[in-house]
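Okay, structure first, notes after.
We did not get these values from a lab; they are worked out from the coordinates using the rules stated. Just so it is clear, the model here is predicted, and its values are computed rather than measured. All Cβ positions, even for glycine, are placed from backbone atoms using ideal geometry, and neighbour counts span all protein chains on display.
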Amino acid sequence: MLGIRIHGRGGQGAVVASKILAKAYFRQGLFVQAFPAFGMERRGAPVAAYVRVDVTRARARGEITNPDVCVVLDPKLLELVDVTKGLASESILILNYPVASNAPTFKAVGIQAVVNANEIALTHGLGSRLAPIVNTVILGAYAKVVRKPLLEMQNLIEAIKESVPSKQKQNAAAAYQAYELVEIQEKI
């Protein structure tokens, strides 16, 4: 089973990203679960969303405490949340950060990938300078970085088009651009 944790802020689309990811894997014939973890938080507060992916039906319920993949939508969350909590040495961390060479490195992970999702989102008119919408962008990077199970880009694009209420073409183009621009740093 593949366990995925997505960190974001309320209103950034972490929950939508989890649903898109689950739909994309479901299109490939895999069993999935997608669910958020938040209470009374308001827009801007740290939230998490989770996805389970497997070849058989998952019986587990609840938070994924030891994810295989961790995705961070907002680099400022690194100051508020321990995004590496529960990660193993072979885990993957996908980080939205302005400059890959300036991104902090985390020894707790095997692969760290960095993409400037904010810039890509703004290039495609997704959100505003103060609140770029990066969820579909970061999923493009995810598709390149996570190899088991392989997420076929066409399935991701179809899931994006089915799930976003507007700007389907821009969201798809942004995901493709992130796929091309993500920088992968393998540490294993």
Nitroxide proxy distance, nm - points 7 Å out along Cα→Cβ at K76 and K169
3.3
Projected-area average for segment 21-83 over all orientations - Cα convex hull basis, square nanometres
5.1
Extension gain from V55 to A37, taking 0.36 nm per residue of separation minus the Cα-Cα distance
4.1 nm
Highest mean first, what order results for 1-8, 62-69, 121-128 on Cβ atoms within 10 Å?
1-8, 121-128, 62-69
Under a GNM of the chain (C-alpha, springs under 10 Å), which listed residue has the highest mean-square fluctuation: L156, L130, L139?
L130
Tell me the relative contact order for the chain as a rounded percent, counting alpha carbon contacts under 8 Å between residues six or more apart.
22
How large is the convex hull of the Cα atoms of segment 2-186 per residue, expressed in Å³ as a whole number?
108
In the chain, what percentage of the DSSP-assigned beta bridges are antiparallel, given to the nearest 5?
60
In terms of the alpha carbon gyration tensor, root eigenvalues a ≥ b ≥ c, rounded if a/c is under 1.5 and otherwise prolate when a/b exceeds b/c or oblate, segment 66-174 is oblate
Which of the peptides 77-85, 108-116 is most tightly packed, and how do the rest follow, going by the mean number of other Cβ atoms within 10 Å of each residue?
108-116, 77-85
Counting only residues 5 or more apart in sequence or on a different chain, those whose built amide H sits under 5 Å from that of N116 are Y97
